[in-house]
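Step one of this worksheet: look at the structure below.
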C-alpha cells in the first residue's frame with residue numbers, strides 16, 4: 001500500500017513538473033509582437049519587420065494603381081524605382097510635359113482620377129464592360145460639359161458633347177486594358193462617405209453642386225456612408241468580375257492616411273475620419289486574411305499612427321510630406337527591393353518625378369472651394 005501510494009505520488013509529481021515547465025504562448029513572442037520592443041523602445045525612423053510580403057513583386061510585373069489621392073504618391077515612387085508601372089492612357093507625344101498632370105495623364109494607370117470608394121471602383125468596371133449605364137452620365141453647364149465620374153479629369157469642362165464622348169470612349173478602352181493587362185493591382189482605399197444618384201445608385205467621386213460641376217438636387221442626390229459589410233461585399237464582387245477577365249491578377253491593398261476634408265455625416269470631422277479609416281482598415285485586413293493573392297501594406301499605420309505624431313504631415317495635417325511618403329515607401333522597398341532601399345532613401349527621385357505633396361490631384365478639395 002505504501003509503495004502504491006508512493007508510485008501514485010510520483011506520477012502526480014511528474015505530471016505537475018511537466019505542467020510547471022509549460023510556457024505561455026506569449027513567452028516566446030518575437031520583438032515585432034511586443035509594443036515595448038517593437039514601438040516604444042525603437043526610434044520611429046523605421047519599424048523593422050512591420051510589413052512582410054505575401055508574394056514576390058518583380059520589376060517585370062505589370063503594376064496598375066487606383067484609389068484615393070495617396071495612391072498617386074505610390075505610383076510615382078514605383079515608377080521612379082524601376083517597377084513596371086503601367087500607363088494605358090498616356091498623353092499624346094505632342095502634349096506639353098508641364099500640362100500633363102493637370103490633365104490627369106500619368107497620374108494613374110488610366111485617366112479615371114481618384115476613386116475614393118470601393119463601390120465607385122466596382123461601378124467603373126461595370127461601366128467599362130457595358131454592365132452599367134448611369135442615368136446621369138453628363139453634367140452640362142454654361143462653361144461646358146463635365147464628366148460626373150471624372151470631374152477633375154481636365155482643368156476646364158469639355159467644349160462639346162462630341163469631345164466629351166470621344167474622351168470617355170478612349171478612357172473606357174484604356175480602363176479595360178488596366179483590368180486585363182496587369183499582374184498586380186494596387187488599390188488605396190480612401191473614403192467610406194459618398195454621394196449617390198438615388199435613381200440608380202450611381203456613385204459620384206464628389207458631391208454634385210461643388211466646383212466640380214453638376215447641380216445638387218436633394219430629391220435625387222443621397223448621402224451614403226458605406227458600412228464594413230457593404231465595402232467587403234463590393235470588393236469581393238469587383239474581385240470576382242476582374243478575375244473573369246484576368247484570372248491571375250494579384251492585389252496589394254493600402255489605406256490612405258489622408259483625413260477627410262469635410263464630412264456630411266453630422267459627426268465631428270475627426271471622429272468621421274477615424275471611423276472611415278477604421279472600417280477601411282478592417283476590410284483590407286479581412287480581404288488579406290482570406291486570400292493568398294491579396295496582400296496588405298500598412299501605409300496608413302506608418303504615416304498616421306500616434307507614435308509618429310504629425311511629423312509626416314504638412315501644416316494642414318492632411319497632406320503627407322514628400323519625406324513622409326519616402327518613409328512609408330522605404331518599408332515597402334525593404335521587402336520588395338531590399339538591395340536598393342538605402343540608395344532610394346539617400347538619393348531621392350528627381351523632383352519632377354516626385355512632386356510636392358500639394359501637387360497630388362484631389363477632387364475632395366472641391367468641398368472647401370466655393371464660387
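The values are calculated or read from the model by the stated rules, or taken from the named source; none is laboratory data. Remember, it's a predicted structure, so these values are computed and weren't measured experimentally. Here Cβ is always computed from backbone atoms with ideal geometry, including for glycine, and neighbour counts include all displayed protein chains.
Side notes on the structure shown:
- From 132, 127, 119, residue being in a loop (DSSP other than H, G, I, E, B), modelled with pLDDT of 95 or more, closer than 26 Å to residue 214 by Cα and touching a helix residue (DSSP H, G or I) at 6+ places or on another chain (Cβ under 7 Å): 132
- For the residues 282, 272, the requirement of being in contact with a helix residue (DSSP H, G or I) (Cβ under 9 Å, 6 or more places away or on another chain) and more than 27 Å from residue 129 (Cα to Cα) singles out 282.
- Residue satisfying all of: in segment 25-57; without any contact (Cβ under 8 Å) to a residue 60 or more places away in the chain and in contact with a helix residue (DSSP H, G or I) (Cβ under 6 Å, 6 or more places away or on another chain); nearest to residue 116 (Cα to Cα) among these: 49
- Test: residue in segment 4-21 that is at pLDDT 85 or above and more than 30 Å from residue 123 (Cβ to Cβ): no
- Strands (runs of 3 or more DSSP E) completely within segment 143-248 that count 3 or more residues being closer than 29 Å to residue 329 by Cα and touching a helix residue (DSSP H, G or I) at 6+ places or on another chain (Cβ under 7 Å): 184-189
- Members of segment 63-92 found to be more than 20 Å from residue 328 (Cβ to Cβ), in contact with a helix residue (DSSP H, G or I) (Cβ under 7 Å, 6 or more places away or on another chain) and in contact (Cβ under 8 Å) with a residue 40 or more places away in the chain, listed by number: 88, 89
- Just one of (1) surrounded by fewer than 20 Cβ atoms within 10 Å (Cβ to Cβ); (2) more than 18 Å from the chain's Cα centre (by Cα) fails for residue 228. It is (2).
- Members of segment 43-65 that are exposed (fewer than 15 other Cβ atoms within 10 Å of the Cβ) and out of contact with any strand residue (DSSP E or B) (no Cβ under 8 Å at 6 or more places or on another chain): 43, 44, 45, 48, 49, 52, 56, 58
- Whichever residue in segment 296-309 is more than 18 Å from the chain's Cα centre (by Cα) and on the phi < 0 side of the Ramachandran plot and, among such residues, is surrounded by the fewest Cβ atoms within 10 Å (Cβ to Cβ): 306
Listed here are the residues, each with its yes/no results for (1) in contact with a strand residue (DSSP E or B) (Cβ under 7 Å, 6 or more places away or on another chain); (2) under 30 Å from residue 138 (Cβ atoms); (3) surrounded by fewer than 16 Cβ atoms within 10 Å (Cβ to Cβ).
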| residue | (1), (2), (3) |
| --- | --- |
| 224 | yes, yes, no |
| 232 | no, no, no |
| 244 | no, yes, yes |
| 248 | no, no, yes |
| 281 | yes, no, no |
| 291 | no, no, yes |
| 294 | yes, no, no |
| 312 | yes, no, no |
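- Residue check, residue 60 at pLDDT 90 or above, in a loop (DSSP other than H, G, I, E, B) and in contact with a helix residue (DSSP H, G or I) (Cβ under 6 Å, 6 or more places away or on another chain): no
- Counting residues in segment 214-223 that are within 17 Å of the chain's Cα centre (by Cα) and at pLDDT 95 or above gives zero.
- Number of the exception - residue 283 against (1) part of a loop (DSSP other than H, G, I, E, B); (2) at pLDDT 95 or above: (1)
- Residue within segment 305-322 that is in contact with a helix residue (DSSP H, G or I) (Cβ under 9 Å, 6 or more places away or on another chain), part of a helix (DSSP H, G or I), modelled with pLDDT of 85 or more and over 23 Å from residue 282 (Cα atoms) present: yes
- Selected residue (criterion: surrounded by the most Cβ atoms within 10 Å (Cβ to Cβ)) from residues of segment 147-156 that are modelled with pLDDT of 95 or more and within 10 Å of residue 213 (Cα to Cα): 147
- A single member of 101, 106, 82 is at pLDDT below 95, surrounded by fewer than 18 Cβ atoms within 10 Å (Cβ to Cβ), within 21 Å of the chain's Cα centre (by Cα) and more than 25 Å from residue 53 (Cα to Cα), and it is 101.
- Residues of segment 323-333 classified as surrounded by fewer than 20 Cβ atoms within 10 Å (Cβ to Cβ) and in contact (Cβ under 8 Å) with a residue 24 or more places away in the chain, total: 2
- Qualifying residue in segment 167-177 (condition: over 30 Å from residue 59 (Cα atoms), touching a strand residue (DSSP E or B) at 6+ places or on another chain (Cβ under 7 Å) and modelled with pLDDT of 95 or more): yes
- For first residues located in segment 95-111 and part of a helix (DSSP H, G or I), partners that are buried (at least 16 other Cβ atoms within 10 Å of the Cβ) and lie 6+ apart or on another chain with Cβ distances below 6 Å form the pairs 100/91; 100/106; 103/154.
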